[in-house]
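Visitor: A single structure is presented below for examination.
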Amino acid sequence: MTREGVRPNGFTYSIILTAQPAVSPFQVHAHIIKTNYEKSFSVGTALLNAYVKKGILDEAAKVFELIDEKDIVAWSAMLAGYAQIGDTEGAVKIYRQLTSEGVKPNEFTFSSVINACTAPSAAVEQGKQFHACSIKAKLNNALCVSSALVTMYSKKGNIESASEVFKRQRKRDLVSWNSMICGYAQHGHTKKALEVFKEMRRQDLEFDGITFIGVITACTHAGLVDEGQQYFDIMVNEHHIYPTMEHYSCMVDLYSRAGMLEKAMDIINRMPFAASATVWRTVLAACRVHRNIDLGKLAGEKLISLQPHDSAIYVLLSNMYAATGHWQERARVRKLMNDRKVKKEAGYSWIEVKNKTYSFLAGDISHPQSNQIYSKLEELSTRLKDAGYKPDTSYVLQDIDDEHKEAILSQHSERLAIAFGLVATPAGAPLQIVKNLRVCGDCHTVIKLISKLERRDIVVRDTNRFHHFKEGLCSCGDYW
DNA sequence: ATGTAGGATC
């Protein structure tokens with residue numbers, strides 16, 4: 001077109017920027033600058049969105065700034081960019097700017113800003129506030145807003161509100177149903193997840209691959225191995241949905257978590273893809289739990305070759321060697337880690353108290369109320385022991401004496417966060433904790449006891465799922 | 001004729 005001397009206009013750029021597979025936004029950007037289309041809101045929005053899809057957010061923000069008259073579509077596109085990278089503060093800032101300039105948010109705006117509130121570090125209250133705003137704007141019933149709300153509430157640990165939003169929906173589409181199934185699945189509310197699925201069947205609705213990811217995950221979290229396999233078969237044979245890598249990952253997780261590692265390997269060997277890092281990670285984690293050192297070694301080495309800079313892999317592998325007393329192997333992995341300058345990700349826990357988020361590292365003493373936190377932990381320690389608790393030091397994988405191990409356990413980040421929650425909130429108030437790693441077995445035992453001793457409902461979200469602790473028991477039934 | 005949205009396993 002340009003060779004024949006036809007000048008592109010705004011439509012040309014918008015169309016080419018949304019073409020699939022995506023073209024390089026940098027290249028088109030150059031043409032846009034040359035022909036002076038940077039200020040156009042439609043071209044600018046398409047361009048910034050192209051940068052967002054590539055994850056280049058600062059470039060997207062620069063493009064956004066240059067748009068002359070930013071309409072709600074341009075604002076929403078920028079907001080969606082921040083939401084996509086999980087930058088809650090950036091998204092909230094954009095929302096405030098657009099409303100203060102008198103621009104009226106639409107359903108896309110709310111859907112994105114609520115989506116931005118699903119980030120682990122975002123305060124639960126934040127999402128709730130945008131829910132309220134969407135009600136005021138009469139946009140809360142839009143499909144994309146409702147499903148964003150269901151996902152936000154369930155990811156923030158509030159499955160009751162998620163299901164409330166879902167129940168009140170008069171109109172639903174596939175995404176609405178999938179959001180609810182996946183929410184229940186992540187909370188380990190297997191029965192409810194399957195009930196929602198059954199309701200879809202009763203109404204003769206269409207499913208897609210994501211529906212079954214939710215359903216199989218629900219089975220995984222309850223150890224329903226046969227049922228999980230049945231749903232996979234139904235998906236393939238009755239609904240002719242072609243399983244993706246993600247489905248095979250779920251199946252490998254289903255079997256390996258239940259300790260059926262041979263069956264898991266069978267799937268890996270027979271699936272039509274090379275196993276992804278996710279698959280091997282699942283296997284490795286299960287090998288650590290079920291103490292299968294040979295397979296763990298295989299999975300660990302595969303993983304290290306696939307992702308040589310992922311610290312979590314080295315940690316899992318070295319922990320497995322430590323847990324089985326293979327100290328030489330453990331030293332080898334640690335050395336590899338040092339040689340490659342791979343640093344372990346620190347374990348963090350967050351707790352929200354009065355709309356503020358507090359974060360804790362293991363052994364953290366930086367909090368202003370540190371003294372109170374540690375004396376609460378002391379007090380709890382005595383009461384826990386009276387209640388029959390014995391620390392399980394096998395979760396401490398340093399080669400040190402038992403007394404030190406107990407001290408390390410007692411200062412895990414989730415315990416500090418809970419102790420702070422106990423002293424900083426009124427008696428009986430529920431606590432919500434978020435953790436960036438998996439909760440350890442000993443902490444799991446302790447939190448169950450604390451929920452009983454202190455009469456508190458405690459919800460812990462780790463990297464895998466939610467644990468609802470209540471009256472000495474956990475919703476996961478000790479299977480996670 | 002063009003630009004913005006929600007649901008996925010580790």
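Visitor: What pairs come up if the first residue lies in segment A:177-194 and is on the phi > 0 side of the Ramachandran plot, the second is small (Gly, Ala, Ser) and surrounded by fewer than 22 Cβ atoms within 10 Å (Cβ to Cβ), and their beta carbons are under 6 Å apart, counting only those six or more places apart or on different chains?
Guide: Every condition considered, the pairs that remain are A:GLY188/A:SER475.
Visitor: I'd like to check something: does segment A:377-400 contain any residue that is under 16 Å from A:PHE360 (Cβ atoms) and within 30 Å of the chain's Cα centre (by Cα)?
Guide: yes
Visitor: How many residues does segment A:46-78 hold that are assigned to a helix (DSSP H, G or I), within 8 Å of DNA strand B (Cβ to nearest atom) and open to solvent by less than 20 Å² (accessible area, probe 1.4 Å)?
Guide: 6
Visitor: Related question: What number of residues in segment A:433-454 are open to solvent by 40 Å² or more (accessible area, probe 1.4 Å) and touching an Asp or Glu at 6+ places or on another chain (Cβ under 8 Å)?
Guide: Selection size over segment A:433-454: 4.
Here's the yes/no breakdown for (1) within 26 Å of A:PRO120 (Cα to Cα); (2) without any contact (Cβ under 8 Å) to a residue 60 or more places away in the chain:
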position	(1), (2)
A:TYR314	yes, yes
A:THR324	no, yes
A:ARG332	no, yes
A:LYS343	yes, yes
A:LYS356	yes, no
A:LEU361	yes, yes
A:SER370	yes, yes
A:ILE373	yes, yes
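Visitor: Looking only at segment A:121-161, which residues are within 12 Å of DNA strand B (Cβ to nearest atom) and of a type in the set (Val, Ile, Thr)?
Guide: A:VAL145, A:VAL150, A:THR151 - these are the residues of segment A:121-161 that are within 12 Å of DNA strand B (Cβ to nearest atom) and of a type in the set (Val, Ile, Thr).
Visitor: Further, regarding this structure: Being out of contact with any Leu (no Cβ under 9 Å at 6 or more places or on another chain) and not assigned by TED's automatic domain parsing to the domain that holds A:GLN328: is that true of A:SER413 here?
Guide: no
Visitor: Enumerate the helices (runs of 4 or more DSSP H) found wholly within segment A:328-431, keeping only those where 3 or more residues are touching a strand residue (DSSP E or B) at 6+ places or on another chain (Cβ under 6 Å).
Guide: Where helices (runs of 4 or more DSSP H) fall fully within segment A:328-431 and carry at least 3 residues being touching a strand residue (DSSP E or B) at 6+ places or on another chain (Cβ under 6 Å), they are A:413-424.
Visitor: For segment A:448-473, enumerate the residues that are hydrophobic (A, V, I, L, M, F, W, C), away from DNA strand B (no atom under 16 Å from the Cβ) and touching a helix residue (DSSP H, G or I) at 6+ places or on another chain (Cβ under 7 Å).
Guide: Once the filter is applied, which keeps residues that are hydrophobic (A, V, I, L, M, F, W, C), away from DNA strand B (no atom under 16 Å from the Cβ) and touching a helix residue (DSSP H, G or I) at 6+ places or on another chain (Cβ under 7 Å), segment A:448-473 yields A:LEU449, A:ILE450, A:LEU453, A:ILE458, A:PHE469, A:LEU473.
Visitor: Report whether or not A:TYR95 is open to solvent by less than 40 Å² (accessible area, probe 1.4 Å), more than 8 Å from DNA strand B (Cβ to nearest atom), within 23 Å of the chain's Cα centre (by Cα) and without any contact (Cβ under 8 Å) to a residue 40 or more places away in the chain.
Guide: It is false that A:TYR95 is open to solvent by less than 40 Å² (accessible area, probe 1.4 Å), more than 8 Å from DNA strand B (Cβ to nearest atom), within 23 Å of the chain's Cα centre (by Cα) and without any contact (Cβ under 8 Å) to a residue 40 or more places away in the chain.
Visitor: OK, next. For a quick check of your reading of the model, give me the residue pairs whose first member lies in segment A:263-285 and is free of Cβ contacts under 8 Å to residues at least 40 places away in the same chain, whose second is of a type in the set (S, T, N, Q), with beta-carbon atoms closer than 7 Å and at least 6 apart or on different chains.
Guide: Close Cβ pairs satisfying both conditions: A:ALA264/A:SER256; A:SER276/A:SER249; A:ALA277/A:GLN307; A:THR278/A:SER249; A:VAL279/A:SER249; A:THR282/A:SER249; A:THR282/A:SER256; A:VAL283/A:SER256.
Visitor: Follow-up. So A:LEU174 ticks every box in (1) touching a residue at least 24 places away in the same chain (Cβ under 8 Å); (2) touching a helix residue (DSSP H, G or I) at 6+ places or on another chain (Cβ under 6 Å); (3) not polar (S, T, N, Q) but one. Which box is left unticked?
Guide: Looking at each condition in turn, A:LEU174 falls short on (2).
Visitor: Ok, one more. If I ask for residues that are at pLDDT below 95 and among the hydrophobic types (A, V, I, L, M, F, W, C), which ones from segment A:246-259 would you list?
Guide: A:ALA258
Visitor: Specify which of the listed residues (A:SER349, A:SER370, A:SER375, A:SER366) is under 19 Å from A:ALA407 (Cβ atoms) and loosely packed, with under 11 Cβ neighbours inside 10 Å.
Guide: Result: A:SER366 is the single residue among A:SER349, A:SER370, A:SER375, A:SER366 that is under 19 Å from A:ALA407 (Cβ atoms) and loosely packed, with under 11 Cβ neighbours inside 10 Å.
Visitor: Consider A:GLY86 carefully, then state whether it is open to solvent by less than 20 Å² (accessible area, probe 1.4 Å), out of contact with any Lys or Arg (no Cβ under 7 Å at 6 or more places or on another chain) and more than 10 Å from DNA strand B (Cβ to nearest atom).
Guide: no
Visitor: Follow-up question, since we're still on this one. Can you tell me which residue within segment A:187-219, out of those that are at pLDDT below 95 and buried (at least 23 other Cβ atoms within 10 Å of the Cβ), is farthest from A:LYS263 (Cα to Cα)?
Guide: So the residue we want is A:HIS187.
Visitor: Within segment A:243-254, is there a residue that is in a helix (DSSP H, G or I), open to solvent by 30 Å² or more (accessible area, probe 1.4 Å) and either polar (S, T, N, Q) or away from DNA strand B (no atom under 11 Å from the Cβ) (or both)?
Guide: No, that holds for no residue.
Visitor: Quick check on A:TYR37: is it within 24 Å of the chain's Cα centre (by Cα), more than 9 Å from DNA strand B (Cβ to nearest atom) and in contact (Cβ under 8 Å) with a residue 12 or more places away in the chain?
Guide: no
The values are calculated or read from the model by the stated rules, or taken from the named source; none is laboratory data. Keep in mind the model is a prediction, meaning the values are calculated, not measured. Counting neighbours? That spans all protein chains shown, and the Cβs are built from the backbone with ideal geometry, glycine included. Just so you know, the surface numbers come from the protein's heavy atoms only, side chains and all, with ligands and any DNA or RNA stripped out. Shrake-Rupley method; radii C 1.70, N 1.55, O 1.52, S 1.80 Å.
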